[in-house]
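Below is one structure; the comments refer to it alone.
Read-outs throughout are calculated quantities, based only on the coordinates presented, and are distinct from any laboratory measurement. What you see is a predicted model, and the numbers here were worked out from it, not measured in a lab. Quick reminder, even Gly has a Cβ in these numbers, built from the backbone with ideal geometry, and neighbours come from all protein chains shown.
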Amino acid sequence: MRKFLVVMDDSPEFLNALRFAAIRAKKTGGGVEILGIIAPEEFQHWIGVGEAMRMEARERIEEHFKVFRKWMIDKEGIEPELVIREGDKANEVLAQIKDDPEIGILVLGAGSTGDGPGPLVTQLVTRQSGDMRVPIVVVPGALTKADIIAVS
């Protein structure tokens, strides 16, 4: 089964990327994999404190996933998968694509604040896209729900 990979964060553009991936997966018989990434700089503390922070970050990702999972099941009938990795965002996205041969498309949301599309989009699309084995879909942050439904 072809899976759409979406990188989960707290940005509004993530929601656009997730909506697009869910609708496309439903229409094409695919799946959705949500990637939560824990940045290594969150744990530059004493060993005990760093481990507690790592567990908290993992729990936060799992709680966010529950909300998005329920939405996807209720609205699109898609059961998403959650993968949690630790490290640099761009490197972990590339590693996940390499590790999971079912991933067929990377879906990223672009920022709409006027500061550019965002660091992950910039890094993956402009610097690393030539080395990727899957196409990248960049969903503009300014798209409305109706716009996303129309183009999906």
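Descriptive notes on the structure:
- Using the rule -39500 (n - 2.57) for each DSSP H run of four or more residues, divided by the residues of the chain, the 222 nm mean residue ellipticity is -14000 deg cm²/dmol.
- At R0 = 30 Å, FRET efficiency that the Cβ-Cβ distance of Glu62 and Arg2 yields, to 0.05: 0.75
- Neighbours of Ile78 by Cβ distance under 14 Å: Lys/Arg scored +1, Asp/Glu scored -1, total +4.
- Annotation: amide H of Val32 within the under-5 Å range of Phe4, Glu81, sequence separation 5 or more or interchain, hydrogens built in the peptide plane.
- Listed values [x] 21; [y] 50; [z] 38 include one computed from this model; for percent of Cα pairs over 27 Å apart that value carries the label [x].
- Rounded to the nearest 20 debye, dipole of the chain from Cβ charges on Lys, Arg, Asp, Glu: 680
- Only lysine pairs 8 or more places apart or on separate chains count here, and in the chain those with Cα atoms under 24 Å apart total 23.
- Among the GluC sites (Glu not before Pro) found in region 82-114, those both in a DSSP coil and sparsely packed, with 15 or fewer other Cβ atoms within 10 Å of their Cβ, are Glu102.
- Here r is the Cβ-Cβ distance between Asn91 and Lys27 and R0 is 35 Å; the resulting FRET efficiency, rounded to 0.05, is 0.65.
- For the chain, with +1 on Lys and Arg beta carbons and -1 on Asp and Glu, the positive-most of Ser112, Ile148, Gln123 along the dipole: Ile148
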